[in-house]
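First up is the structure itself, then whatever we jot down about it.
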Amino acid sequence: MTEERITETTDSAGNTHTTHTVVSDTDRRSGGTSWGILILLAVLAIGVFVIFSQMSGAEVAKDNAVAGAAGDVGEAAGQVGDAAQNAGEAVEDAVAN
């Protein structure tokens, strides 16, 4: 139910002031827009979470690949060192004989 109230007041100088007030006691009905926005935000949050979790997995895979390559380089350097030592020993044996 809606009710309009009009109040007139007169001050001591004779000026009249009118106030209009509308009172409504019906429930406000909200459309589905707020629910739609909430669902959209939830879907967006889930999408962002999935994207960031996949990026994190790719970063870990890249780090593991770099670590594996570094290990291979270290092993190859060790083999080069062993070969150089063997060559040095062969030169010493050749000079000694």
*Which condition breaks for Ile6 when tested against (1) at pLDDT below 85; (2) of a type in the set (A, V, I, L, M); (3) loosely packed, with under 10 Cβ neighbours inside 10 Å?*
(1)
*Just need a number here: residues in the range 9-37 that are surrounded by 10 or more Cβ atoms within 10 Å (Cβ to Cβ) and either at pLDDT 85 or above or among the aliphatic types (A, V, I, L, M) (or both).*
1
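The values are calculated or read from the model by the stated rules, or taken from the named source; none is laboratory data. Here the structure is a predicted model, which means the values were calculated and not measured. Here the Cβ is made from the backbone with ideal geometry for all residues, glycine too, and neighbour counts use every protein chain on show.
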